[in-house]
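Heads up, the thing below is written out as structure tokens.
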Amino acid sequence: MNRFKLVFLVTVVVAVHLAWAAETVPIKPSPTDKCPVCGMFVAKYPDFVAAILFNDGSYAVFDGTKDMLKYYFDMKKYDRAKNPSDIKSIQVTSYYNLNPIDGRTAFYVLGSDVYGPMGIELIPFANQAEAQEFMKDHKGKAIVTFGEITREMIEKMD
Amino acid sequence: MITLANVRKIFNQARPNEYTAVDGVSLQLEEHDVTVFKGPSGSGKTTLLSLVGCMARPTSGRIHLLGREITSLPERFLTEIRRKTFGFIFQQFHLIKGISVLDNVMLPAYPCGERLSVLKERALHLLDLFNVSQKAHTRVEWLSGGEAQRVAIARALINGPSIIIADEPTAHLDSMHSHELVEILRGLKNDRKTILIASHDPIIYDSDIVDKVVHLRDGKVDEGDTGPRTRGHLQLLKGR
Amino acid sequence: MIFHPAIIALCVASLFICLMIAYSAYYGIKIVKGWDIKSGSEQQLVLERRTYLISAILTYVFGFYLISLFLYVFTVDRLHIVFTGAMCAAGVLKVNSYGYPTLLLKIMIFIFAGLWLIVNYADNRAYDYPIIKTKYLLLLILTPLVITEMILQAGYFLQMHPNIITSCCGSLFSEGKSSLTSELASLPVVPMEVAFYLSMLLTVYLGISFHRKGEKGYLFSVTVAIAFLISLVSIISFISVYYYELPTHHCPFCILQKEYGYIGYFLYVALLGGAVSGMGVGVLMPFRNIESLTGIIPSTQRKLALIAVVFFLIFTALVTYRIVFSNLVLVS
Amino acid sequence: MERWIERQKNILDFTLSSLFRRKWKNAALALVYVFLVFLLASVIFFTHALKQEAGIILQNAPEMIVQRSIAGRQAPIPLSYIDKLKDITGVSAVKKRLWGYYYDPTAGANYTVMAPEDVQLDPRSIIIGEGVSRTRQVFKGSTMRFRAYDGKIIAFEVKSIMPSESELVSSDLVLMSEDGFRRLFDASGEYATDLTLQVKNPRELSVIASKVVHALPDTRPILRDELLRTYESVFDWRSGMALFLVSGAILAFLILAWDKASGMSHEEKREIGILKGIGWETSEVVLMKFWEGMVVSLSAFLAGIILAYIHVFFTSAAFFEPALKGWAVLYPRFKLTPFIDASQVATLLFLTVVPYTLATVIPSWRAATVDPDSVMRM
């Protein structure tokens, strides 16, 4: 019954401890925000959220880096009103700590065994060391920077 | 017309207690007639009535009911014919205790899926006809013998049968009520119902409403004694 | 084995049903052997009376399997917490090789029992019970199915080891891997939708025309069977996806969960009901020329065709409503 | 269709009236039936609610706990391990925990004593659980004495009592400061009882767990999901076991049901004979018997479930208290959140109504196949 006592103990700890404080505020898509590429509600899958922020203060949220890039490479198709020059910043969710990071400076691991809500994904990291560690642990195939990603790479993922 | 051809009913077949209740009876019974089956107890009257009334199937032989051969029908269909064609009046009345007179009268019609309100109306009408409508909501235990008899008759008529079968209907009635019963039967006869009665009560078989008396003995028709009430159109087929 | 109340309930109830069906089969054989409707012998009477009991038991079996089907999926679904990697019923059914066959058998038995009851219904209406022997021979096919199902189910639950790492429905029904389920999931959406609507349209058309004219019963029944299969495939291929609003999630079980308003139950009940009544038309076809059944089967068939059409229409309506109002865009 | 419904209605009507006429005869069976459903439903509702409760609480638990074991037993874990764990990619934070058990001979109970990091307490005060307060009769402001590892008596002032909502987990709890804890148990400042790890991405847990074992071979990581699973199976096992024990009762009940259904009174036999005689068909009598079974079953089922619901959710499963006391001397008096779903009801249905229906089908059929002409021979 030792194990059982342990279970109770953990609950005890919790009742007192409550949650850990979050370090940074992640992008919080509202429950009604939908991915413009696939139409899914984004808020259901906060671990993979990516976003594009525009100069006019508006934004678009995606349920994964892949969908964000699809949008990025073909903006006309998804939103006639927006041009690539309107983009203020790009945010992706870092894999290890789930914090929002700058999408343009992030490192992306391709071909790993981690799947997002949309299947095969590019997994974003804040630095190269994390990306390499991840690639080793999750059988990733390559590390790319934002600039190295091509439209063909994205198309091949579907 | 009801025709019986060489009808035999054996109980407990191929067992030591095998016993032949009806033994090769051939008969023809006319519609709209009153026929009385007469004979000592154990002569097969009741069994014969239950065979004609589609309650049981003969071991051999054929029964034709209003042109239809019924002997090879499974129980399911016999029941259907029975409840549309026959009304039964039993020796002991056999009303169900604990429920009202009205419920008892309606009981045979329940499985037919008729709307209850329609059914109720018809039952009340029948009770009225037999002067027991004031007792409609009384429980049957509180009825007198004569009332119980009349309720039992109302019940027999609820599905509008063309044939009435009565098994020793006067066995539990005094003479006054027995005469009353004869009058009710007369009324039914005037309504052009076919009536089959098993009885050894002279009030019944000597009554002027009876068209034909069939004598039974040991499961066979006793041809030597067809009785005084045998009318001209009586046709007795030769029993083997 | 996992000691869960619902598992015990399923196993115990299955055992009871098995005993009942074995009992019915035993007397079924006796009926096939000793039936002689012409005879008024007591032996025949006893056999005739047995048929009432067997009808009653089969009705219970039919109802039982409907509930059992859902309780099975529901229980299995609840167990996903116990298995690493499983996120819903789909994954838990894969923990050993008995899970899916049990489910399949449950569906088959349900349909089979339904069809048997339809045949029984028609036969009981004919005064000479013309198909009684065929009927009880069919019962002999059902019996081993029920027994196998009980054994498989017991095997499934007994062989459940909580440390097994199973795949979740995401990988099971996700596109791009080569297993039957993932092939179903990766079927192209547009042709699948077209096939689905065509099959529904054809079913409804044939059903209504059968209801009116009583023609092409076999064709209608075969169409129903095909439409049933297409619908099941469609649920995996695109219907579930619209419900989840998640293009990679093809699980046919998660729609049974509360998050989706238990809509799965309505979908599956409509589909199973439509399949049983529609296939019932075809099952009755070979007997419709038997003299005592000529007055019974055609009207029964018409009713069945109508019921099937209604069920399939409900199913199609539910699906269409979801496709139209879903936030998901699969086809642009 | 309308005829069909009317027919069912009429037959049901008669069934109800005959059931009512024989209410005392059916009462004993119904009572046993209700009790059985009550028993089973109580077990199922209770364990399910506990599971649910535990699951909700565990949601906030740390994703991973790292314990050190020496010779297969849990041992204090050096604080120097914290830095090693922090270096693992994907670990956001590592915290130490201090906890243990204290046996109180006066109450004959074990308290769970812990020193939480985020509750500020001075070294001489404590916060206690409702259960502790109840058994020791100590309240806010009273003094509670503990016997330290070296035999010295340490007095603590009760600063507050934990609210009773969390009693399921906090009943036997005593919270104190780290200083107080170390004084009571002679715990060195270089060790903690165990460490908790925060891992943001749950996908990474298993990878991190293997890295922990690799980096610190004398430790054992425990995942929250693992606890959840343990919970799930412990409770399932318990309720399964309980059902297994009750199965004897189910069997006895079925025998009773069979016996009741087959041993019809003379009056009932007479009635069925009359019904058959006046034109009821066998299948209609079977139908009547079916309705009879359904009425008995469903009303007993409903009554049993309602009683069980009241028992579990309003009286906190009072009948189970003696049996469950073995878990902890300080039995928590908690209110469970009502939680019932279709699968629980279906499970109960399968355990009671299905066997009952099947147990009575043969006796009812036998009753229904009375010869119609038996009425003539009565």
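Quick notes
- Within the shell of other residues whose beta carbon sits under 14 angstrom from the beta carbon of D:VAL285, the net charge comes to +2, with Lys and Arg scored +1 and Asp and Glu -1.
- The value of relative contact order for segment D:93-192, using C-alpha pairs under 8 Å at least six residues apart, is 34 percent.
- Axis of helix B:175-190 versus longest Cα principal axis of chain B: the two differ by about 80°, to the nearest ten degrees.
- Net dipole in debye of segment C:170-327 [+1 Lys, Arg Cβ; -1 Asp, Glu Cβ; about Cα centre; nearest 20]: 500 debye
- Area accessible to solvent at D:HIS266, 1.4 Å probe radius, in Å²: 140 Å²
- Proximal charge balance of B:LEU196 [Cβ under 14 Å; K/R count +1, D/E count -1]: 0
- Residue order for C:TRP116, C:TRP35 - accessible surface, 1.4 angstrom probe, largest first: C:TRP35, C:TRP116
- The alpha-carbon of A:LYS88 sits under 24 angstrom from the alpha-carbons of these lysines, leaving out residues fewer than 8 places away in its chain: A:LYS28, A:LYS34, A:LYS66, A:LYS70, A:LYS76, A:LYS77.
- Ordering of B:62-71, D:129-138 by packing [mean C-beta count within 10 Å, highest first]: D:129-138, B:62-71
- Nearest-10 value in Å² for the accessible area of B:LYS135, using the 1.4 Å probe: 60 Å²
- Charge dipole (the protein assembly as shown, unit charges on Cβ, about Cα centre) - positive-most of C:VAL76, D:ASN60, C:ILE226: C:ILE226
- Here the label points at D:GLU2 and C:LYS216, each 7 Å from Cα along the C-beta direction, are separated by 3.3 nm in the simple model.
- Highest mean packing first, where packing is the average number of other Cβ atoms within 10 Å per residue, the peptides B:184-196, D:18-30 line up as B:184-196, D:18-30.
- For the pair D:MET241 and D:SER188, label points projected 7 Å from Cα toward Cβ lie 3.9 nm apart.
- Summed over both chains, the accessible area lost when D and A associate is about 3600 Å², using a 1.4 Å probe.
- Partner chain coverage, peptide B:93-105 - average Cβ within 10 angstrom: 3
- Label zone at A:LYS28, where the point sits 7 Å out along the Cα-to-Cβ direction: segment A:98-124 residues whose backbone N lies under 20 Å: A:98-102
- Averaged over the residues of peptide B:75-88, the number of Cβ atoms from other protein chains lying within 10 Å of each residue's Cβ is 5.
- When the C-alpha to C-alpha distance is required to be over 19 Å, the pairs from B:LYS220/C:LYS38; C:LYS30/C:LYS135; B:LYS9/C:LYS38; B:LYS9/B:LYS220 that qualify are B:LYS220/C:LYS38.
- Each of the peptides C:285-295, C:213-223, D:43-53 was scored by the mean count of other Cβ atoms within 10 Å over its residues; in descending order, highest first, they stand as D:43-53, C:213-223, C:285-295.
- Dipole magnitude (debye, nearest 20) for the protein assembly as shown, charges at Cβ of Lys, Arg, Asp, Glu: 1280 debye
- A probe of 1.4 angstrom, applied to the heavy atoms of all protein chains, finds D:GLU190 with accessible area near 130 square angstrom.
- Karplus (6.51, -1.76, 1.60) ³J(HN,Hα), θ = phi - 60°, over segment C:28-33, in Hz, Gly and Pro reported as x: x, 4, 4, 5, 4, 6
- Computed on protein heavy atoms with a 1.4 Å probe, the accessible areas place B:ARG122, D:ARG147 in the order D:ARG147, B:ARG122, largest first.
- Cα gyration tensor category, rounded, prolate or oblate, for segment D:22-167 with a/c compared to 1.5: oblate
- Mean Kyte hydropathy of 0.0 or more with a Cα span along the axis of at least 20 Å, helices from DSSP in chain D: D:23-58, D:224-262, D:282-313, D:353-368
- Within the accessible area of chain D, the carbon and sulfur atoms contribute 61%, probe 1.4 Å, all protein chains present.
- In the protein assembly as shown, the DSSP-assigned H stretches of four residues or longer account for a calculated mean residue ellipticity at 222 nm of -16500 deg cm²/dmol, using -39500 (n - 2.57) per stretch and the full residue count as denominator.
- Evaluated with a Cβ-only charge set (Lys, Arg +1; Asp, Glu -1), segment D:93-192 carries a dipole of roughly 240 debye about its Cα centre, given to the nearest 20.
- Per-residue ³J(HN,Hα) for segment C:279-294, Karplus 6.51 cos²θ - 1.76 cosθ + 1.60, θ = phi - 60°, Hz, x for Gly and Pro: 5, x, 4, x, 5, 7, 3, x, 9, 6, 9, 5, 3, 6, 9, 4
- Sorted largest first by accessible area at a 1.4 angstrom probe radius, with every protein chain in place, the residues A:TYR71, C:TYR268 fall in the order C:TYR268, A:TYR71.
- If you plug the beta carbon distance of D:ALA342 and D:ASP218 into 1/(1 + (r/R0)^6) with R0 = 35 Å, you get a FRET efficiency near 0.15.
- Peptide B:13-25, shielding by other chains (average Cβ, 10 Å cutoff): 1
- Spacing of the two label points (7 Å from each Cα toward its C-beta) at C:ILE208 and B:GLU31, in nm: 4.6 nm
- Under 25 Å from the Cα of D:LYS211 - lysines, other chains or at least 8 residues apart: A:LYS136, A:LYS139, A:LYS141, D:LYS84, D:LYS86, D:LYS95, D:LYS96, D:LYS200
- In this structure, B:ALA14 and D:ALA252 have a Cβ-Cβ separation that, at R0 = 56 Å, corresponds to a calculated FRET efficiency of about 0.85.
The values are calculated or read from the model by the stated rules, or taken from the named source; none is laboratory data. Owing to the predicted nature of the structure, the values given are computational and were not obtained by experimental measurement. Backbone-built Cβ (ideal geometry, glycine too); neighbour counts: all protein chains shown. For accessibility, only protein heavy atoms count, side chains too; no ligands or nucleic acids. Shrake-Rupley method; radii C 1.70, N 1.55, O 1.52, S 1.80 Å.
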